[in-house]
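Have a look at the structure below, then the notes.
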Amino acid sequence: MKRLMSGNEAIARGAWEAGVHYATGYPGTPSTEILETLSTYSDIEAEWSTNEKVAFDVGMGVSLAGRRALITMKHVGLNVAADSFMVFPYSGCIGGFVVVSADDPGMHSSQNEQDNRYFAKFGKVPLLEPADPQEAKDFVAIAFELSERYETPVLLRTTTRISHTKGVVELGVPVSVSKKIYQTDIPRFLVPPFARGRRPLVEERLERLREASEAFEFNRVEEGDPKVGVIASGVGYQYAREILPEATFLRLGMSFPFPVEKARAFCERFENVLVVEEGEPFLEEQLRVHGITNLTGKDRIPKMGELNPEILAEALQSASVPESYASEIPIPPRPPIFCLGCPHRGVFYALQKMMKSNVVAMGDIGCYTLGGLPPYSSMQTSFCMGASVGNAVGFAIGEGDGENGGGAFPVGIIGDGTFLHGGIPGLIDMVYKKSRATLVICDNSTTAMTGQQENPSTGRDIRGASAPQVDLVKLLESIGVEFIRVIDPYDIQKLRKTLREAVRHPGPSVVITRRSCLMIREEREKRREPIGFNAEDCNLCKVCYEFGCPAIEWDDAKGPIIDELQCVGCEVCATMCGPGALFGESPEGALAVRNAGRAEAKGRST
């Protein structure tokens, strides 16, 4: 049976067919759909973990217990898990252990463009690179077999296009995998005291894997023009095949350990060999370090950004430049903005007003990173998961006391899921150092940026079932935070007042802005009437327009124009309207009663 599947869906299917027992990870584009798809298989235990290192460590435990484990994350997630990733090869696994790294060339939704193939070389573990959804499915089973045969973790590396491009996949049936037996072996698994003795074993295993790579069936030569030779892996193979369809290819599916002798024999057939790879010169470096130099690679093909057939054709000065599909449907540019009714909007509106008072907002990874863009431009830094908290602590140290020393007031901004992922240690440090810094936790009841996944603070698991829910306030109290405020970010006036109090508190302060993301299904189903407008009451102050809501346009003569198709009725603009020209349906939220009465009185007088 065949089915049209994305690369991520195919990886999930492959894991199921390979008899995986447990799958976990942390959401992050372009990897997220792997675990979401696995959660639809009732006979697989799949769940989100607090962060990637926790996921990796839990998977290690499953493997040591003799079961197959799949761990998924985006490329920067492997940085978080790197401590465990680098040490696990020393002991090796029992049950098959496969970690999927979904890299993001072009940084479509990421803060860097690292090439995680180097992690395989760094950690001395085998690396598989599928070039299409079919291989994405098939390579999972191969990865588990390699893992168990050589007792090693295996890195399965995809990129954005392999993850999200769909192709026809030949489906198989699940295999039955027996549980392996864990036996106490302290010199093997108690790594730190015995690591020196295990080190030669890692090298010996790597040599055996080199031999396996030479014979690996997916490291194969595809014959074509005897004068044109190409070495490629992953999506680079697809682009090269499109531009040079008649060439002879050495197509690599297992690119580390590198099949040196197979590559040497291939390159001896040609005067010059083209090496096509997206990202860093990983393949090219391994060829050159073994004395194979008749190559054309990154001297012509860019290593920055995402590769595509057009870029490759231009780099090779090929006449057969394919026309982009994008030219068929012109898409107008759309700047990234907060969603309609987003609870984060009020936070950054308030912080924008506070910038004049020397407040510096130090951000994190999440939807709220948009607070650094117009019209707010109030988030001034953003580096990686959890960094905002430590950044705020360090900025307070560097700037001095914001109240008495003339320095700035640092405010860290972090989401609820990101706080649990990587922010807790930073907050402990903030309390320990008695830092005069503020942390704003934007609690929108989901991991929103990657598609509304659950996390330990939402009270639901990956399948939507009830799960224990972290009480953020109690957690903060247990850490030792004394100044804690919980505020609805729709209440702009109270929010601004609370933030002013927080930044002037002589010690660590935390403000939790709590309002559910409107993209959560239950929230989307709540229909609220659009905001109403009494033009006669409007004084053209523009406060509502400056709030930056996409549903509000401005007419210099008439004032705000409410787009009823976009307006979600959050009523924030109405609460900000001094003269009461804007009104909503809830009396507590938007001066509705007063405005309705005023309009009725005016109607009677006329």
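Data overview
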| quantity | calculated |
| --- | --- |
| Any hit, the range 109-121, residues being more than 25 Å from Gly197 (Cβ to Cβ), hydrophobic (A, V, I, L, M, F, W, C), in contact (Cβ under 8 Å) with a residue 40 or more places away in the chain and in contact with a Lys or Arg (Cβ under 9 Å, 6 or more places away or on another chain) | no |
| Boolean, Cys573 is at pLDDT below 95, surrounded by 18 or more Cβ atoms within 10 Å (Cβ to Cβ), closer than 19 Å to Ile337 by Cα and outside the structural domain of Phe348 (by TED's automatic domain parsing) | yes |
| Residue among Phe139, Phe119 that is assigned by TED's automatic domain parsing to the domain that holds Ala81 and within 22 Å of Val80 (Cα to Cα) | Phe119 |
| Residues (more than 27 Å from the chain's Cα centre (by Cα) and of a type in the set (S, T, N, Q)) located in the range 75-96 | Ser91 |
| Whichever residue in the range 542-561 is buried (at least 20 other Cβ atoms within 10 Å of the Cβ) and assigned to a strand (DSSP E or B) and, among such residues, is nearest to the chain's Cα centre (by Cα) | Ile552 |
| Unique match (being over 23 Å from Lys494 (Cβ atoms) and either of a type in the set (Ser, Thr, Tyr) or surrounded by 16 or more Cβ atoms within 10 Å (Cβ to Cβ) (or both)) among Val347, Val431, Val411, Val359 | Val431 |
| Subset of the range 290-310 [part of a loop (DSSP other than H, G, I, E, B) and among the hydroxyl-bearing types (Ser, Thr, Tyr)] | Thr293 |
| Residue list for the range 162-176, restricted to those being small (Gly, Ala, Ser), in a loop (DSSP other than H, G, I, E, B) and modelled with pLDDT of 95 or more | Gly172 |
| Residue in the range 471-493 that is of a type in the set (A, V, I, L, M, F, W, C) and either within 25 Å of Ser39 (Cα to Cα) or touching an Asp or Glu at 6+ places or on another chain (Cβ under 6 Å) (or both) present | no |
| Wholly enclosed strands (runs of 3 or more DSSP E) of the range 362-457 bearing at least 1 residues farther than 20 Å from Phe483 by Cα, at pLDDT below 95 and touching a strand residue (DSSP E or B) at 6+ places or on another chain (Cβ under 8 Å) | 379-381 |
| Filter result for the condition that a residue is surrounded by fewer than 22 Cβ atoms within 10 Å (Cβ to Cβ) and either under 16 Å from the mean Cα position of the chain (by Cα) or assigned by TED's automatic domain parsing to the domain that holds Val168 (or both), over Thr50, Thr72, Thr32, Thr24 | Thr50 |
| Tabulated pairs, the range 530-555, first assigned by TED's automatic domain parsing to the domain that holds Gly578 and among the aliphatic types (A, V, I, L, M), second part of a strand (DSSP E or B) and surrounded by 16 or more Cβ atoms within 10 Å (Cβ to Cβ), C-beta under 6 angstrom, 6+ apart or interchain | Ile531/Ile562; Ile531/Leu582; Leu540/Gly559; Ile552/Pro560 |
| Hits in the range 1-17 (condition: surrounded by fewer than 24 Cβ atoms within 10 Å (Cβ to Cβ) and of a type in the set (Gly, Ala, Ser)) | Ser6 |
| Enumeration of residues in the range 9-34 that are closer than 13 Å to Thr450 by Cα and assigned to a loop (DSSP other than H, G, I, E, B) | Tyr26, Pro27, Gly28, Thr29, Pro30, Ser31 |
| One residue from Lys180, Lys137 being more than 33 Å from the chain's Cα centre (by Cα) and crowded, with 16+ Cβ neighbours inside 10 Å | Lys180 |
| Residues of the range 35-80 satisfying the condition of being assigned to a helix (DSSP H, G or I) and of a type in the set (A, V, I, L, M, F, W, C) | Leu35, Leu38, Val54, Ala55, Phe56, Val58, Met60, Val62, Leu64, Val76, Leu78, Val80 |
| Selection count, the range 92-134, where residues are buried (at least 21 other Cβ atoms within 10 Å of the Cβ) and part of a helix (DSSP H, G or I) | 5 |
| Condition met for Asp471 (surrounded by fewer than 19 Cβ atoms within 10 Å (Cβ to Cβ) and out of contact with any Phe, Trp or Tyr (no Cβ under 8 Å at 6 or more places or on another chain)) | yes |
| Condition check for Arg604: surrounded by 15 or more Cβ atoms within 10 Å (Cβ to Cβ), at pLDDT below 90, more than 17 Å from Tyr349 (Cβ to Cβ) and out of contact with any Cys (no Cβ under 7 Å at 6 or more places or on another chain) | no |
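Residue-wise test of (1) out of contact with any Cys (no Cβ under 9 Å at 6 or more places or on another chain); (2) surrounded by fewer than 13 Cβ atoms within 10 Å (Cβ to Cβ); (3) of a type in the set (Val, Ile, Thr).
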{"site": "Thr158", "(1), (2), (3)": "yes, no, yes"}
{"site": "Ser163", "(1), (2), (3)": "yes, no, no"}
{"site": "Gly172", "(1), (2), (3)": "yes, no, no"}
{"site": "Asp185", "(1), (2), (3)": "yes, yes, no"}
{"site": "Phe189", "(1), (2), (3)": "yes, no, no"}
{"site": "Glu217", "(1), (2), (3)": "yes, yes, no"}
{"site": "Gly236", "(1), (2), (3)": "yes, no, no"}
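So that you can scan it fast, the table gives a plain yes or no per residue for (1) free of Cβ contacts under 8 Å to residues at least 12 places away in the same chain; (2) closer than 16 Å to Asp132 by Cβ; (3) of a type outside the set (D, E, K, R):
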position	(1), (2), (3)
Leu206	no, no, yes
Leu209	no, no, yes
Phe216	no, no, yes
Arg220	no, yes, no
Ile231	no, no, yes
Ala240	no, yes, yes
Ile243	no, no, yes
Glu246	no, no, no
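The values are calculated or read from the model by the stated rules, or taken from the named source; none is laboratory data. None of these values were measured; they are calculated from a predicted model. Every residue, glycine as well, gets a Cβ built from its backbone with ideal geometry; the counts of neighbours run over all protein chains shown.
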